[in-house]
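Asks: The structure follows.
The values are calculated or read from the model by the stated rules, or taken from the named source; none is laboratory data. Note that the structure is a prediction, hence the values are computed from the model and not measured. Glycine gets a Cβ as well: all are built from the backbone with ideal geometry, and neighbour counts include every protein chain shown. The accessibility values were calculated without ligands, DNA or RNA, using every heavy atom of the protein model including side chains. Shrake-Rupley method; radii C 1.70, N 1.55, O 1.52, S 1.80 Å.
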Amino acid sequence: PLTGSYMQFDGKGIYAEVLRTGKPVFINDYQNWEDRLVNDFTCGMTSAMQVPLNIEGKTVGSVGLAAFAEKIIMDEEKMAVFEQFAAVAAIAIKNALYHQQTNHLALHDTLTGLPNRAYLNRHLEEELERARRGQSAGAVMFIDLDDLKTVNDHFGHTSGDSVIIAAGNDIVSAAGDNAFVARVGGDEFVIILPGTDNEERIAPVADRLVGAIRREYEVRGKRIHMSTSIGVTLYPEDGVIAEEILKNSDIAMYAAKAAGKNCWRFYEQGMQQEDYEKMVLTNSLRHALENEELYLLYQPLIALDRKTVVGFEALLRWSSREHGMISPARFIPLAEQSGLILSIGKWVFAEACRFARKLADMGKENIRVAVNVSPCQLATADFSEMVRDSIEEANIRSQQIEVEITENVLIESLEESTRKLVELSAIGVQLSLDDFGTGFSSLTYLRNLPVTTLKIDKSFINEMLRDKVQEGFIRSIIDMAHVLSLNVVAEGVETEPQLSKLVQFGCDCVQGYVYSRPISQEDAIRFLLTPILSKERF
């Protein structure tokens, strides 16, 4: 194809004629041709010809001859040879374009246009080879978009893809010109930063990336808040082969997720052992239900004005045959990360409803059973249906079940979460906001959600007697909740002085060791049937 001055034809010249007609053009007397181009190149041109380069019926360029002294003598035989040459050239160009396109598709992600995993591995190995020779050093960042699954579940994968594309653009902009950015699958990206080989230089880049993605993305007319977790490794310090570097970056990324998401973490040697332990525990957790290793304990909820049991909170426990007792703080995050929380959560609801059925058979239909819900559960499309099915299968009243949510459950998708909870409230399911005070503590939740109960987190109760500010804070929460016609439950009440102070503040209910630790179903029924004032402590 012609370039340079030939492209400035303004509709004139031989090339313009070739593009218009798609046929060979021969001008014997160029200087007297009315459509000639006048420029430095054509000055002195006596005759010229051009033959189109046609690819799949489209003229993409031309092959030309020009004479500046004697005129070109052209006959049919010469023209046929020239056209044959142009046809061969067109085939060569087509093959080159096809090869270029095929090579690009093989090395680039079709959704974002960024380098793919194959290209990343090749580029990273080349960079690490230079590092092994002592000629280079740098950093690798493994980026995972937090909770993109929620977008896919609510709005479909097309909407999720639009977020991935927009986030990819944000990542490229924030990473800088020297960065190599690849999408390696799903919602995961990897950045190679050559020359950025110390923590002081990497930290601003990581902060910039977290900040760039921590924004609202428009999805089908709605604004969805997104964030990211990033793991960072240094090479050659943390590895000298691509597989090792990527694995360690991935481990560091999961450490960022465990730290609360929306942040980044450097890889540390101890993380590898921790990651292995998580893998082993997660694998065991997959079989915990079928092996009957999971069970529920129940902690009584005491109404302070009547000194009576008004409910029980169902608490999940895991006694592993292989690992012994595993703390909920340890295995529940693993269940959420692996998706096992959905099947486990369904089992918990079914068990809690069966316990409520036993209470109803005893004439205690007024005693409610509370179940904690994770963000993953509430995000599923069939959450409300799952709760209703559990209630119907146990043949109990909806009012016997209470759903406990924390503020972080709502932050991810307040509008969609509210809709589901309103559906449950409409059939009589009770709703409580757990761990109040540890998150954003927004009045928006309290005014817009069908919340009936507010639960003050144990961490505030612990400091209440030692810290006047905490004491005043708790009193304010109780007063505010009562203005909104909400019941208030204080969690983790362990001592009589704490209990007395809460009675003084007008707190409605308490749960904690001051009355009972979490107990088995049989002990819970025995506790219920014994008057509070004459109870032995459980």
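Asks: Here are some residues: N448, N462. Which one is farther than 27 Å from T418 by Cβ and in contact (Cβ under 8 Å) with a residue 12 or more places away in the chain?
Replies: Every option except N462 fails the conditions.
Asks: Looking only at segment 243-256, which residues are surrounded by fewer than 22 Cβ atoms within 10 Å (Cβ to Cβ) and either in a strand (DSSP E or B) or touching a residue at least 60 places away in the same chain (Cβ under 8 Å) (or both)?
Replies: Those that are surrounded by fewer than 22 Cβ atoms within 10 Å (Cβ to Cβ) and either in a strand (DSSP E or B) or touching a residue at least 60 places away in the same chain (Cβ under 8 Å) (or both): L246, D250, Y254.
Asks: I'm trying to understand the selection: among the residues of segment 260-279, which are touching a residue at least 24 places away in the same chain (Cβ under 8 Å) and either in a helix (DSSP H, G or I) or not polar (S, T, N, Q) (or both)?
Replies: K261, C263, W264, R265, F266, Y267, Q272, D275, K278
Asks: E491: at pLDDT 90 or above, within 24 Å of P333 (Cβ to Cβ) and surrounded by fewer than 21 Cβ atoms within 10 Å (Cβ to Cβ), yes or no?
Replies: In short, no.
Asks: Being surrounded by 13 or more Cβ atoms within 10 Å (Cβ to Cβ) and touching a Ser or Thr at 6+ places or on another chain (Cβ under 7 Å) is the requirement here; does K261 meet it?
Replies: When the stated conditions are applied, K261 passes them.
Asks: Now a separate question. Which of the following residues is at pLDDT below 80 and of a type outside the set (A, V, I, L, M, F, W, C): E471, E463, E416, E423?
Replies: Within the list E471, E463, E416, E423, the selection yields E416.
Asks: Return a yes/no flag: does segment 268-276 have any residue that is within 30 Å of A139 (Cα to Cα), touching a Phe, Trp or Tyr at 6+ places or on another chain (Cβ under 8 Å) and open to solvent by less than 10 Å² (accessible area, probe 1.4 Å).
Replies: No, segment 268-276 contains no residue that is within 30 Å of A139 (Cα to Cα), touching a Phe, Trp or Tyr at 6+ places or on another chain (Cβ under 8 Å) and open to solvent by less than 10 Å² (accessible area, probe 1.4 Å).
Asks: I'd like the full set of residues that are farther than 22 Å from A288 by Cβ and not β-branched (V, I, T), limited to segment 299-322.
Replies: P300, L301, A303, L304, D305, R306, K307, G311, F312
Asks: Do you know which residues across segment 147-173 are open to solvent by 10 Å² or more (accessible area, probe 1.4 Å) and either in contact with a Phe, Trp or Tyr (Cβ under 6 Å, 6 or more places away or on another chain) or basic (K, R) (or both)?
Replies: K149, A166
Asks: Same structure, new question: Could you give me the residue pairs with C-beta distances under 8 Å whose first residue belongs to segment 88-117 and is among the charged types (D, E, K, R), whose second residue is open to solvent by less than 40 Å² (accessible area, probe 1.4 Å) wherever it lies, and which are 6+ apart or on separate chains?
Replies: From residues that are among the charged types (D, E, K, R), the pairs are K94/I55; D109/P115; D109/N116; D109/A182; D109/R183; R117/A182; R117/V184; R117/G185.
Asks: Within the group P497, P518, which residue is within 35 Å of the chain's Cα centre (by Cα) and either surrounded by fewer than 16 Cβ atoms within 10 Å (Cβ to Cβ) or modelled with pLDDT of 95 or more (or both)?
Replies: Criteria check complete, one pass: P518.
Asks: Also: Name the residues in segment 457-481 that are out of contact with any helix residue (DSSP H, G or I) (no Cβ under 9 Å at 6 or more places or on another chain) and crowded, with 16+ Cβ neighbours inside 10 Å, would you?
Replies: Once the filter is applied, which keeps residues that are out of contact with any helix residue (DSSP H, G or I) (no Cβ under 9 Å at 6 or more places or on another chain) and crowded, with 16+ Cβ neighbours inside 10 Å, segment 457-481 yields D457, K458.
Asks: Looking only at segment 203-233, count every residue that is open to solvent by 10 Å² or more (accessible area, probe 1.4 Å), outside any helix (DSSP H, G or I) and among the hydrophobic types (A, V, I, L, M, F, W, C) and tell me the total.
Replies: Summing the residues that are open to solvent by 10 Å² or more (accessible area, probe 1.4 Å), outside any helix (DSSP H, G or I) and among the hydrophobic types (A, V, I, L, M, F, W, C) in segment 203-233 gives 1.
Asks: Being of a type in the set (K, R) and out of contact with any Ser or Thr (no Cβ under 9 Å at 6 or more places or on another chain) is the filter here, so list the residues in segment 173-207 that pass it.
Replies: The one that is of a type in the set (K, R) and out of contact with any Ser or Thr (no Cβ under 9 Å at 6 or more places or on another chain): R201.
Asks: If you check V510, V503, which single one turns out to be within 16 Å of D305 (Cα to Cα), modelled with pLDDT of 90 or more and open to solvent by less than 70 Å² (accessible area, probe 1.4 Å)?
Replies: Unique residue meeting the criteria: V510.
Asks: With the condition kept exactly as written, say whether any residue in segment 183-192 is buried (at least 23 other Cβ atoms within 10 Å of the Cβ) and over 24 Å from Q337 (Cβ atoms).
Replies: yes
Asks: If P52 satisfies every condition in (1) crowded, with 16+ Cβ neighbours inside 10 Å; (2) over 20 Å from P24 (Cβ atoms); (3) more than 46 Å from the chain's Cα centre (by Cα) but one, which is the exception?
Replies: (2)
Asks: Could I ask something else about it? Of all residues in segment 322-349, count the ones that are surrounded by fewer than 16 Cβ atoms within 10 Å (Cβ to Cβ) and among the aliphatic types (A, V, I, L, M).
Replies: Number of matching residues: 2.
Asks: Please find, among L484, L528, L454, the residue that is touching a residue at least 24 places away in the same chain (Cβ under 8 Å) and surrounded by 20 or more Cβ atoms within 10 Å (Cβ to Cβ).
Replies: Going through L484, L528, L454 in turn, just one is touching a residue at least 24 places away in the same chain (Cβ under 8 Å) and surrounded by 20 or more Cβ atoms within 10 Å (Cβ to Cβ): L454.
Asks: Y254: among the aromatic types (F, W, Y) and touching a helix residue (DSSP H, G or I) at 6+ places or on another chain (Cβ under 6 Å), yes or no?
Replies: In short, no.
Asks: Tell me, which strands (runs of 3 or more DSSP E) lie completely within segment 299-398 with 3 or more residues that are of a type in the set (S, T, Y)?
Replies: 308-320
Asks: Right, next: Having 3 or more residues that are modelled with pLDDT of 80 or more, among the charged types (D, E, K, R) and over 14 Å from the mean Cα position of the chain (by Cα) is the bar; report the helices (runs of 4 or more DSSP H) wholly within segment 74-191 that clear it.
Replies: Per the criteria, 117-132.
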